[in-house]
Structure formats: structure tokens, C-alpha cells
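As C-alpha cells, the structure follows; a few thoughts come after it.
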Amino acid sequence: MYREIPHKLGRAALVLTLLCVVGGGPAVAGSSDNADYTAMSAEELAEHLIFKARGFNTDEATQEGGTVRDRLTQDQLQKTCSELKGGQIDSATVQTVTQLAQKSMTYPDGGIELGDWKKGQAIAENAFGFRVGHKVDDHSSRETGGLCMNCHRLEEKKAIRSGTLGPSLIGYGKERGTSEQTKKYTYEVIYNPHAFFPCTKMPRFGANEVLTQEKIAHILAYLLDPASPVNQ
Amino acid sequence: MNKTIESLWASKRLLLAMPIALLALTGTASAQCVNCTNEDPKKILLDLIDQIDSAYLTQSPQNLMMMEDNPAYFVVDDGKALFEQKRGPNNVSLEKCDFGKGPGVLDGAYAEMPRYFEDTGRVMDLESRLVHCMKTLQGFPSDDPALKARADIRALMAYVGARSNGYEWQPSMDHPLEKAMRDAGEVMFYRRSSVLDFSCNTCHSETGKQIRASVLPNMNVPKEWTKAVSWPALRVGKSSNVRSPYQRLRGCYWQMRKGQINRRSDAAIAMFSFWKDAARGEPAILPDLKR
């Protein structure tokens, strides 16, 4: 949740503003809502601009049933990783985040199975879903995807138009086989990659409920099935 | 030029790079940005390409070829006409608008924004300052259609932007409020949130990375980032019109699945403050032509 501006500060700002207005000077640390921006830390001001100063359309409904406010409210993992500000991760953060991630793991009933690699391919190439604002993704009109190809190369002949923010996954299954261990590891990376790569750029596709268990199973097949184009 | 060609050979983008090399050698002889300050935007980009090896700056030989015929130049001309036209209840032009360097001073003004303005007590970006002038100088009331005529406002922004083409980004950073906004923008840049856990930093922290086929600019490389923040610009593609800095920012928040950031809000202005500060010292390319 956002932090309230300390009451003392608010009162002081109000008094100062009144004095300045009466005195004829410019409004103190002027802002659109008369809060004193220069009295806040950068973190406090960011939260204020997002949640209090009409910076975002926070009441807009989201596809998962909440609001934009919910989406912009950080959880512990997001807050922790944001504090790195793009710098190197320290061992304390590694511990905190990997433990958070491991605790979040849930597994499909009946164990981890491979689905249909053709469906997995479609999910991997599909970036539809969860966008709100000036153009809303209507989840009743289309399947939502996993955005995998946005960041990863998966098939050699599609490499030029596949992203490189994440490592290449070309030949992923060929190198690893389909043991229970491999299936479990691959599943966990998709579900919550922070268990192995704390503060990774990769989304928590399972823990954040971006992908269903069924879709994860299809992606597992796309990655691990020897017949999949990934492994040709 | 030799260094550029060597590096392009080495990167094995030979076939794609040939047009760039040829263009660089032949120079430009066709259309020109009449209302742009300094050298043509294309020359500014070519100079940057000459200075660093950048997959981002060189990713579209086609766009580079089109730059000298950028349709945005016509929009800049339209914007100039609109800027100088007597409009609104007060029947005056925008020629006395103060963008921070004094009323009527346009050259280099956009390159120093966002900045603090004494008369409003706020840090303002180009769009909010333009709307402010339309209200206070020209007398347009807040609900006037002229203030919602987005294409017109973009044309005005394109013109004011073109008058900072080639100027170094030097957002004013003397006033405590300017620093506060810039620092808040920095926090926002790194702030991970929403269902995909993205922040701006997720995509803009490394050199040469791609999202699908698009090479991303690295915020930590000013010679790349200057092009990234050079808006208004024409985006080639289905909309194929001049887009504003706000539209770029809105597009990013849309892709990050976070929610709509509001036009002319302090949150947006804080982001622009940080953006421009990250490009400090490098020349603006205005109007630009982009994917």
C-alpha cells in the first residue's frame, strides 16, 4: 500500500502555503495538490505521484477482477527487487527473494505433465492479455498468451524476430531430456523464476496467475517434447 | 565514416548496412526540415552512429533512408502556422509563450524542459506548458475543444520541438522542485509492479537487447537514450502519424500491463524529467522518425 504523508508535514505544508499566499510569494514547492514535494523522499514522492496526485487512472478495472491500484501496489518481492535500482544483487537479497519464491510454489494436481507442444508454441508466440488503459485486452475475445517469444529465442528460423532479453531456449529439451527433475525445474522457472534467479526480469507466470496450469503444461511440452520445433 | 563501415562489416550486418554506408557517403540532397534548428535530424543521428557501435541506432536502414523525407516535417510546418495564428477569445498567437527562456524564445527551449516555472509554481513539460499558454494567453477555457484537439497540439509540440533540434538535452536542475521530480522519476523508472513484475529498467538497462524484432535503447547509454527520448516523432506503421512524448510513455505503461498514466500529470512529468536527465549532453533529434 502507499505511504501516507506524515500528518505533521501536511500541516506544516498547509501553514507555509497559506503564509506564502498571504505574503504574495509563489506557492511552496508547488504541486497540483499543494503537497510539499521537496519535503518528501524520492520514494515517498513517487508513491504520492502514483496514488495521490492523480498520476494514474487507478480506479480502472482489470481483467483479473481488481483495479489498476492493485496492479500498482507493490508486493514484498517487487519492493525488494526495486531497491536494487538496476545494480548488483547482494547475498541478503538473494536469500530473501529465493525463499519468498520457493514458498510461493504450488504444483498441478496429479503431478507435472507435458501437454501439447503445438498449443505451447501458440502460447509462446502470443503476447495478448492483461493490457488496460487506452486499449483494453478483452479476455473473452481471445486466448491470452505467455509472451515467451518477446524475450526468448525458441526456434532457429524465427530467431531474427525473437527477443534477446532472456537467454536463448533453442534446443532446450534436446539438451535436458524429460526426466522428472527436468520437468520440475522447468515448471518452477515458469511458475516463479526468482527461486533460481532472484530479481530476474522474467515475470512470475504461475505465482502471478498470468498462465493457467493447463497453459504451463503446453509450454513445457513446447520446450521439452523431442518432437517440438524447439528441439529440432 | 571509415570506423562506422568497419564496425558494420564486423557485426555481419553487411547487407543491411550497405545502404547506411552509401547514404553516409553521398550526403543528403533532397528534402530538408525548414523549421528545424541546427543540422538536419538525419545528420545528427548519423553523427551519433559514427561515435558508438549501436545496434539500436542502426536497426532500421529503411527509416534512416526515409528521414530526409520525414512526413513529420510537414507537421512541423503546420505547427508553426498554428503557433503564429491569432486564436482563442483573446485573439492572440502563441508567440509570447514563455517556455522557460523568456516569452517568445523558442530556440533550445524544449531541450531545457521539463523545468520549474515561477508563474505556476510547478515543474512543467512541453504539453502542459503549451496548454497553459493556450489558456492564459489565448484565453481558451478549460473545456474548449481547442484544448482537446490532439492532432493540433501535437503539431504545435512538433514545431516547438523542431526549434530544439540539435540542441543538447539540458533539463533545468537548479530548483529543488526540479530535482525532486527528477528523483521521483528515477524511483518510478526502477519500480517493479503489476502482473508481469516489469519496470522501465526491465527493458531499458542493457545494450543491444531485443524485444521480438526491435532493438531496445539502453537508458545508461546517453548516445542511445537521446534518440529514445526524441519526441515528438513520426512512428512508421499503422498509425503513421506524429506521436508525442506522452503517447510513448503511455504505450510503455500499456505494454507493462500497469495502467494508464495520465496526460500532463506530475507522475508523467517526473518520468520526463528523469528521461531527459539521462540523455543530458547529447543532441536532440527533432522531429525523429521511428519504428
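Since every read-out is calculated from the coordinates, none of them should be taken as a lab result. Quantities reported herein were computed from a predicted structural model and do not represent experimental measurements. Note that each Cβ is placed from the backbone with ideal geometry, even for glycine, and that neighbours are counted across all protein chains shown.
A few notes on this one:
- Distance between the C-alpha centres of segment B:49-106 and segment B:229-243: 12 Å, rounded to the whole angstrom.
- Candidate aspartates and glutamates - alpha carbon under 14 Å from A:Lys184, same-chain residues fewer than 8 apart omitted: A:Asp109, A:Glu113
- Globularity index of segment B:176-290 is 1.03 (Cα radius of gyration / 2.2 N^0.38 Å, N = number of residues).
- Taking the convex hull of Cα positions in the protein assembly as shown, its mean projected area over all directions (nm²): 26.6
- Mean Cα-pair separation over length for chain A, i.e. relative contact order, pairs under 8 Å, 6 or more apart, %: 19
- In a fully extended conformation the segment linking B:Ala149 and B:Lys135 would gain 3.7 nm over its present Cα-Cα distance, using 0.36 nm per residue.
- Positive-end extreme of charge dipole, chain B - chosen from B:Ala279, B:Leu137, B:Val242 (charges on Cβ): B:Val242
- Using only side-chain charges placed at the Cβ, +1 for Lys and Arg and -1 for Asp and Glu, the dipole size of chain B relative to its Cα centre rounds to 1060 debye.
- Förster radius 30 Å - calculated FRET efficiency between B:Asn241 and B:Lys96, Cβ distance, rounded to 0.05: 0.55
- Cα gyration tensor category, rounded, prolate or oblate, for segment B:83-122 with a/c compared to 1.5: oblate
- Summarising the amide proton neighbourhood of B:Asp107: residues at separation of 5 or more, or on other chains, whose placed amide H is nearer than 5 Å comprise an empty set.
- For chain B, fraction of C-alpha pairs farther apart than 32 Å, in %: 24
- Label-point separation, A:Tyr185 to A:Leu84 (7 Å along Cα→Cβ), nm: 2.1
- Per residue, the average separation of C-alpha pairs within less than 8 Å and at least 6 apart gives chain B a relative contact order of 23 percent.
- Between the listed residues A:Thr178, A:Tyr107, B:Gly79, the Cα displaced farthest toward the positive end of the dipole of the protein assembly as shown, a dipole computed from Cβ unit charges relative to the Cα centre, is found at A:Thr178.
- Relative contact order %, segment B:60-138, counting alpha carbon pairs below 8 Å whose residues are six or more apart: 25
- Peptide A:75-88 - average C-beta neighbours from other chains (10 Å radius): 4
- Taken residue by residue and averaged, Cβ atoms of other chains lying within 10 Å of the Cβ of A:65-73 number 3.
- Taking 18 Å as the limit for the C-alpha separation, the pairs B:Lys148/B:Lys258; A:Lys118/A:Lys215; A:Lys79/B:Lys258; A:Lys119/B:Lys258; A:Lys135/A:Lys158; A:Lys119/A:Lys215 exceed it in the case of B:Lys148/B:Lys258; A:Lys119/B:Lys258; A:Lys135/A:Lys158.
- Shielding score for A:119-132, defined as the mean number of other chain Cβ atoms within 10 Å: 2
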